[in-house]
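Reviewing the structure listed below.
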Amino acid sequence: MREGCIFIVPWNDDPAKALDAGKATYPGHEITIVEKRALREVGFGARLHKLQQLRGKAVVFYFRSLDDINTPLLLAWVGVLHRCSLTVLLDEAGNKKEYRWWSWLQLAPVSALALLFDAFILFFGFVLIKTRLRQHHTPVAVADATPESGIAYLYPYPMSRFNVGGAMSHVRGFLGGLRAAGAKCHIYAGRPIDDDCFAQDCIPLSHRPFFFWEVRA
């Protein structure tokens, strides 16, 4: 690939729009689309190999909105793995963030703090689960469970902002099935869910720095 090549990863699931945005943002450059699944649906080794093949001017992650990014710190550090001089976060409104090698020096303190917090959450969560399992070690037989006994529905995704799409359709379909079955349900979610039939508690989003979205969820 030429040194001026721009690699665009359409995180908005619209390669055509991502390509148009790339041409508008980097006129005169060669634009190459990198499928999102090539980086998401593979193991770490294959992902690393794919990133190291990218040699050019920039790797651009294209989103509907920069507010929808689940892992802003992690994406900023992707530049350590590929061979382009820039890592760019771009959205449909034209908002853009650029990261170069000196950006990592600026991000190092907050990244270290985020990793420390993530490690604490993982450790604390593991200990808490183990403790609770020892306290309540008697399993409930599936045959004894009835819709009337109550169901807790967990949706721990604070960064999910859309009320449309496959994931939210699944949520609505499942809750609709519980409703049709006459089940009692209480929703515990990381963001408000558009459902008026069941009570729900929304856990406030923490504003501490984080590195991995799974830990935040």
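The values are calculated or read from the model by the stated rules, or taken from the named source; none is laboratory data. This structure is a prediction, so every number in the text was calculated from the model and none was measured. Here the Cβ positions follow ideal geometry from the backbone for every residue, glycine too, while neighbour counts run over all protein chains shown. Each accessible area value is taken on the protein alone, full model and side chains, heavy atoms only, with ligands, DNA and RNA left out. Shrake-Rupley method; radii C 1.70, N 1.55, O 1.52, S 1.80 Å.
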Quiz item: Is there any pair linking a residue in the range 16-27 that is touching a residue at least 12 places away in the same chain (Cβ under 8 Å) to one that is hydroxyl-bearing (Ser, Thr, Tyr), with Cβ under 7 Å and at least six apart or on different chains, and which?
Solution: Ala18/Tyr62; Ala21/Tyr62
Practice problem: Please specify each residue of the range 173-199 satisfying the condition of being open to solvent by 60 Å² or more (accessible area, probe 1.4 Å), over 20 Å from the mean Cα position of the chain (by Cα) and modelled with pLDDT of 85 or more. | Solution: Phe174, Arg179, Ala180, Ala181, Lys184
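Restricting attention to the range 31-52, does a residue exist that is on the phi > 0 side of the Ramachandran plot and surrounded by fewer than 20 Cβ atoms within 10 Å (Cβ to Cβ)? So that I can check it myself, show each step before the final result.
Filtering the range 31-52 down to residues on the phi > 0 side of the Ramachandran plot leaves none.
No.
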Quiz item: For Asp20, are the conditions met, namely being within 26 Å of the chain's Cα centre (by Cα) and either small (Gly, Ala, Ser) or on the phi > 0 side of the Ramachandran plot (or both)?
Solution: no
Practice problem: For Lys23, indicate whether it is under 28 Å from Arg191 (Cβ atoms) and assigned to a helix (DSSP H, G or I). | Solution: no
Exercise. Please tell me if Asp91 is of a type in the set (D, E, K, R), in contact (Cβ under 8 Å) with a residue 12 or more places away in the chain, farther than 16 Å from Cys5 by Cβ and open to solvent by less than 20 Å² (accessible area, probe 1.4 Å).
Key: yes
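Going residue by residue through the range 62-79, is there one that turns out to be assigned to a loop (DSSP other than H, G, I, E, B), of a type in the set (Lys, Arg) and open to solvent by less than 60 Å² (accessible area, probe 1.4 Å)? Can you show your working first?
In the first step, residues of the range 62-79 are kept if they are assigned to a loop (DSSP other than H, G, I, E, B); the result is 64-65, 69-71.
Add one more test, that the residue is of a type in the set (Lys, Arg), and what stays is 64.
This time we only want the ones that are open to solvent by less than 60 Å² (accessible area, probe 1.4 Å), so: none.
No: zero hits.
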Quiz item: Taking the range 140-171, which residues are open to solvent by 100 Å² or more (accessible area, probe 1.4 Å) and modelled with pLDDT of 65 or more?
Solution: Leu154, His170
Quiz item: Since Gly4 meets every condition but one in (1) open to solvent by less than 70 Å² (accessible area, probe 1.4 Å); (2) without any contact (Cβ under 8 Å) to a residue 40 or more places away in the chain; (3) farther than 30 Å from Leu205 by Cβ; (4) in a loop (DSSP other than H, G, I, E, B), which condition does it not meet?
Solution: (2)
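This table checks each residue for (1) among the aromatic types (Phe, Trp, Tyr); (2) open to solvent by less than 80 Å² (accessible area, probe 1.4 Å); (3) modelled with pLDDT of 95 or more.
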| residue | (1), (2), (3) |
| --- | --- |
| Trp101 | yes, no, no |
| Leu107 | no, yes, no |
| Val110 | no, yes, no |
| Ala114 | no, yes, no |
| Asp118 | no, yes, no |
| Leu122 | no, no, no |
| Lys130 | no, no, no |
| Arg134 | no, no, no |
| His137 | no, no, no |
Practice problem: Return the pairs, sorted by first residue and then second, in which the second residue is assigned to a helix (DSSP H, G or I) and buried (at least 16 other Cβ atoms within 10 Å of the Cβ), the first residue lies in the range 204-215 and is of a type in the set (D, E, K, R), the beta carbons are less than 7 Å apart, and the residues are 6+ apart or on different chains. | Solution: Arg208/Phe117
